[in-house]
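Nothing in this text is a laboratory measurement; each read-out follows from the coordinates by a stated rule. Since this is a predicted model, take the numbers as computed values, not measurements. Don't worry about glycine lacking a Cβ; one is built from the backbone with ideal geometry, like all the others, and counts go over all protein chains shown.
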Amino acid sequence: MDDRDRFAPAAAGAPTSDPYRRYANALGTVRLPAAFVDLDALDRNGDRLCMRARGMPVRLVTKSIRSVGVLRYLLDRFPYLQGLLCFSPAEAAWLASQGFDDLVVAYPTVEPSEIARVAAAVQGGASITLMVDDAAQLDVIDRCAAAAGTSLAVAIDMDASTSFPGLRFGVYRSPVATAKAALALADAIARRRHLRLDGVMGYEGQIAGLNDAVPGQRVRNRIIRTLKARSIRDVHRRRGAIVAALTAAGHRLRFVNGGGTGSFESTARDPSVTELAAGSGFYLPGLFDHYAVTLGEPAAGFALPVTRRPAPGIVTCAGGGYPASGPIGPDRLPKPWLPTGATLIDNEGGGEVQTPVRLGTADALPLGAPVFFRHAKAGELCERFDTLLLVRGDDIVDRVATYRGDGQCFF
């Protein structure tokens, strides 16, 4: 079956209006726990991202998708998606073997075995760009390229965090924060016989990945928005200076990548940026619920079966201990999604073998009934399941493998 065939629109007829009932009907004969993607919601999220990008090309972030079948669908469905932003060199080499091209690895590596896989793929005709932010990384990459008898493209990852008095607003990624530092690294790249500079990336995670409209936190929201506004000006100024300095020095840049799902509007206004990046905006996980800008709607989740009814208004589900990476806190736990109003029990959370849930109404769910959850992060859901069920309307239209289902684990 062709990938496009499996995602064909459902037959005419309105789907069930109640979302819980719709998903419960669709997954009625499926063994639970199970993960799924709602293709109708996925399409709407893709249309929204297109509108927000305002004509700028978008590099699809594989870390947030982690399924070859879904990657193919998105690239075919949305022409504004151009190329992939990968999270591992080994992943990029594997995706190249699956027929994908124009692959940029977002994070540096000094693991020779992974770089060797990339060099072999490039020698075979693939287009893969590695990320660097330190001259010491260049030596390993150059040696691997020489051993493979090829040259490798690299991109400079700039620091997009902003330093305020007593506060680092952003993440600890790259040490390349100024045009001077970028020029020094670019010159070091030029001195390596088997390397060439291909582009610049600057991911402003403190803007793209930070909630700024959390209910009940009006003061915090105002502070975050103020910090974001100041950081946007700082990032635009420094990124523009870096790109201008590299260009003036004769370095040719194929791309300047910036942003993420939560920062399309501000990043697209930076004239030095040539492409955006997005992935989470397609599945829209729990950590993207509270932004001043409407980002979309949930399109991916997982279902756990009710196996116990320990007290009135409470059911206990099998499995569910799927926390997300990052700072430990309640926002990293899976979110009960449907039925509406369901919540976790504070002193239990999501458990490895069972997860109790307080229902929003007095109506009890029968044993075996599903409770639907959303993961806090997008692609990390796929590390827990071999298969994604593809739902359109009231029906499962197909099943596709996750990276895990394809036997792949990149970290």
*Using a ≥ b ≥ c from the Cα gyration tensor of the stretch 117-184 (square roots of the eigenvalues), is it rounded, prolate or oblate, where a/c under 1.5 gives rounded and otherwise the larger of a/b and b/c decides, a/b for prolate?*
prolate
*Subtract the Cα-Cα distance of ILE328 and ARG309 from 0.36 nm times their separation in residues, and report this length gain in nm to one decimal.*
4.0 nm
*Packing-based exposure ordering (other Cβ within 10 Å, fewest first) of CYS144, CYS86, CYS50, CYS409*: CYS409, CYS50, CYS144, CYS86
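Only helices at least 27 Å long along their axis, Cα-based, and averaging -0.5 or more on Kyte-Doolittle count here, so list those DSSP H runs from the chain. Walk me through the numbers on the way to the answer.
Numbers: long enough: 218-248 (45 Å, -0.32).
Long hydrophobic helices here: 218-248.
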*asked:* Taking a ≥ b ≥ c as the square roots of the Cα gyration tensor eigenvalues, with a/c under 1.5 meaning rounded and otherwise prolate when a/b beats b/c, else oblate, which class fits the stretch 315-410?
replied: oblate
*How would you rank 246-254, 299-307, 340-348, 264-272, highest first, on the average number of other Cβ atoms within 10 Å across their residues?*
299-307, 264-272, 246-254, 340-348
*Any idea which of GLY240, VAL68, ALA121 is furthest toward the positive side of the dipole for the stretch 40-285, if Lys and Arg beta-carbons carry +1 and Asp and Glu beta-carbons -1?*
GLY240
*Using Cα positions and a limit of under 30 Å, work out the lysines in reach of LYS335, with same-chain residues fewer than 8 apart set aside.*
LYS63, LYS228, LYS377
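Could you work out how much longer the chain between ALA229 and ARG358 gets when fully extended? Use 0.36 nm per residue separation minus the Cα distance between them, nm to one decimal.
On the way: separation 129, 0.36 × 129 = 46.44 nm, distance 3.87 nm.
My answer for the length gained is 42.6 nm.
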*Determine the distance separating the Cα centre of the stretch 188-259 from the Cα centre of the stretch 44-81; give it in Å without decimals.*
21
